[in-house]
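Structure record follows, encoded as structure tokens.
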Amino acid sequence: MSESEPKHRILLIITGGIAAYKCLELIRRARDRGIAVRCVMTKAAQQFVTPLSVGALTNDRVFTDLFDLNDEREIGHIRLSREAGLVVVAPASADFLAKMAGGHADDLASSVLLATDKPVLVAPAMNSRMWAHPATVRNVATLTEDGISFIGPGVGEMAESGEAGAGRMSEPHDILDAIQEMLEGPVQGPLQGLRFLITAGPTHEPIDPVRYIANRSSGQQGYAIATAAARLGADVTLVSGPTGLAAPDGVETIQVEAASDMLAAVEASLPADIAVFTAAVADWRVDGSAEQKIKKDRKGTPQLKLVENADILATVSQLPGAERPQLVIGFAAETEHVIKHATAKLARKSCDWIVANDVSPATGIMGGAHNEVHLIKDGGSVDDWPRMAKDEVADRLVREAGEYALAHRT
Ligand code: CTP
């Protein structure tokens, strides 16, 4: 980017929170996209990152104090956002949201926001309990009504406690996509024109109308993949077992219960360019589940006869010619000999790539916010990815799959 002519200018307000360190990456990546950043930091923000490091990246003075500006010899707080197309607050702490909602103006950051006539985007970051607190919910509703836009927070592990929940600041690339969209209108994603079909979650196999066999899959990884693909511009259908997760924005989501419904929904949703099977499909169903609730007073304990479910991944992988998605990706949840078992699974199910992970309880992966995977390709290559948040795994997988499909398009 030429320093003299950035495509856009934004004013970034950094408030106090551990996520403040992510702003350094946000600034760097913004500049890569031709967006010049000027920063205002609150006092609390300076406990987490220094104005010196922020200034080194913005290549500009960092503004911290209201009283520095009061004589208006330099640049008044009213004028601070004038050159910017957008004001971004990232991370926005619970306290700062409360100040914004209350219309306070007792420091530079809050005064700038009260004085600006520019659109404002807020990326909250806080402990999940603070995010869920009625006071914060009320403040967010007030700010939304005032026309303020929000990005996130995402679900993930909290820095301070290791607890998972909503409150994690959105990743810099997501914040930048939102910034760009607000400045330029909807962005054409790099995966425009590609169709993804994704399965996620557990399946519920009925025993009778009120009981079922299930597993511990949370569906998070599949939902994160659907979200990432849609965000990058792909056309996405998600076939989901029961999870309790909200349908991702911009994704056609089909809710199913049993494996047989999942297979039917997948077949009805074809064709697709890329199919990703993350669902923990039950291997067995109860043969002839009861039409009525099984009563305890009948003689003896019920004997459940299990029969094998169809393998959805193998069925789709083995479709003939043009009916088969160009790239079929399976997941292998293993508890031992991860690479060996996953490689055998890839061959057995005839898929192209398999994402292997160790789901032993000690890893905390099943139901947790993080994943540590190995991407195995049918040529035999094994790529070990570091432990990452599930949405980062999703973003990387979707980008790699999309690039492959676009490069090998017939
Ligand atoms: N899968 C599927 N349909 C099934 C079973 C599994 O589509 N009936 C898919 C999963 O979505 C995943 C891959 O197959 O992408 C591997 O699932 P996994 O449960 O690890 O494998 P299984 O075939 O069940 O093998 P095993 O239980 O012996 O490990």
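The values are calculated or read from the model by the stated rules, or taken from the named source; none is laboratory data. Since we're looking at a predicted model, the values are computed, not measured. Glycine gets a Cβ as well: all are built from the backbone with ideal geometry, and neighbour counts include every protein chain shown.
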Which residue is surrounded by the fewest Cβ atoms within 10 Å (Cβ to Cβ), if the candidates are limited to region 220-238 and must be assigned to a loop (DSSP other than H, G, I, E, B) and modelled with pLDDT under 95?
G233
Return the total of residues in region 17-37 being at pLDDT below 95, farther than 17 Å from H173 by Cβ and outside any helix (DSSP H, G or I).
1
Hits in region 374-392 - residues which are buried (at least 17 other Cβ atoms within 10 Å of the Cβ) and at pLDDT below 95
A389, K390, D391, E392
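Which of the residues spanning region 198-217 are under 29 Å from the mean Cα position of the chain (by Cα) and assigned to a loop (DSSP other than H, G, I, E, B)? Show your work before the answer.
Restricting attention to region 198-217, the residues satisfying the condition of being under 29 Å from the mean Cα position of the chain (by Cα) are 198-205, 213-217.
The answer is G201, T203, H204, A214, N215, R216, S217.
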Filter result (assigned to a helix (DSSP H, G or I) and in contact with a helix residue (DSSP H, G or I) (Cβ under 8 Å, 6 or more places away or on another chain)) within region 352-398
K390, D391, V393, A394, D395, L397, V398
Do we find that A247 is under 22 Å from N215 (Cβ atoms), more than 10 Å from the ligand (Cβ to nearest atom) and of a type in the set (A, V, I, L, M) in this structure?
yes
Can you find a residue in region 370-388 that is within 15 Å of the ligand (Cβ to nearest atom), under 25 Å from S218 (Cα atoms), of a type in the set (S, T, N, Q) and in contact (Cβ under 8 Å) with a residue 60 or more places away in the chain?
yes
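Please go through region 278-290 and give me each residue that is within 14 Å of the ligand (Cβ to nearest atom) and touching a Lys or Arg at 6+ places or on another chain (Cβ under 9 Å), ordered by number. Please lay out each step first, then the result.
Filtering region 278-290 for residues within 14 Å of the ligand (Cβ to nearest atom) gives 278-285.
Listed by number, the list holds a single entry, A280.
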Return a yes/no flag: does region 118-135 have any residue that is modelled with pLDDT of 95 or more, in contact with a His (Cβ under 8 Å, 6 or more places away or on another chain) and either farther than 21 Å from L176 by Cβ or not charged (D, E, K, R) (or both).
no
Among residues belonging to region 254-277 that are in contact (Cβ under 8 Å) with a residue 24 or more places away in the chain and away from the ligand (no atom under 13 Å from the Cβ), point out the one that is nearest to the chain's Cα centre (by Cα).
I274
Would you mind finding the one in R79, R61 that is assigned to a loop (DSSP other than H, G, I, E, B) and either surrounded by fewer than 18 Cβ atoms within 10 Å (Cβ to Cβ) or outside the structural domain of G167 (by TED's automatic domain parsing) (or both)?
R61
K293 passes all but one of (1) under 16 Å from E257 (Cα atoms); (2) more than 16 Å from the ligand (Cβ to nearest atom); which number fails?
(1)
Considering (1) at pLDDT 90 or above; (2) outside any loop (DSSP other than H, G, I, E, B); (3) in contact with a helix residue (DSSP H, G or I) (Cβ under 7 Å, 6 or more places away or on another chain), say which one D95 fails and leave the rest.
(3)
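Whether any residue in region 120-135 is assigned by TED's automatic domain parsing to the domain that holds D65, touching an Asp or Glu at 6+ places or on another chain (Cβ under 6 Å) and crowded, with 18+ Cβ neighbours inside 10 Å is what I want to check.
First, the residues of region 120-135 that are assigned by TED's automatic domain parsing to the domain that holds D65: 120-135.
Narrowing the set further to residues that are touching an Asp or Glu at 6+ places or on another chain (Cβ under 6 Å) leaves none.
No.
I'd like to check something: does region 391-409 contain any residue that is within 16 Å of the ligand (Cβ to nearest atom) and among the aromatic types (F, W, Y)? Break it down into steps so the answer makes sense when it comes.
Looking only at region 391-409, we keep the residues that are within 16 Å of the ligand (Cβ to nearest atom), and these are 393-394, 397-398, 401.
Narrowing the set further to residues that are among the aromatic types (F, W, Y) leaves none.
Checked against the condition, which is being within 16 Å of the ligand (Cβ to nearest atom) and among the aromatic types (F, W, Y), region 391-409 yields no hits at all.
For (1) within 9 Å of the ligand (Cβ to nearest atom); (2) surrounded by fewer than 18 Cβ atoms within 10 Å (Cβ to Cβ), each residue gets a yes or a no:
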{"residue": "A310", "(1), (2)": "yes, yes"}
{"residue": "T315", "(1), (2)": "yes, yes"}
{"residue": "A322", "(1), (2)": "no, yes"}
{"residue": "Q326", "(1), (2)": "no, no"}
{"residue": "F331", "(1), (2)": "yes, no"}
{"residue": "K340", "(1), (2)": "no, yes"}
{"residue": "R348", "(1), (2)": "yes, yes"}
{"residue": "I354", "(1), (2)": "yes, no"}
{"residue": "T363", "(1), (2)": "no, yes"}
Could you check A226 against (1) more than 15 Å from the ligand (Cβ to nearest atom); (2) under 23 Å from A369 (Cα atoms) and say which number it fails?
(1)
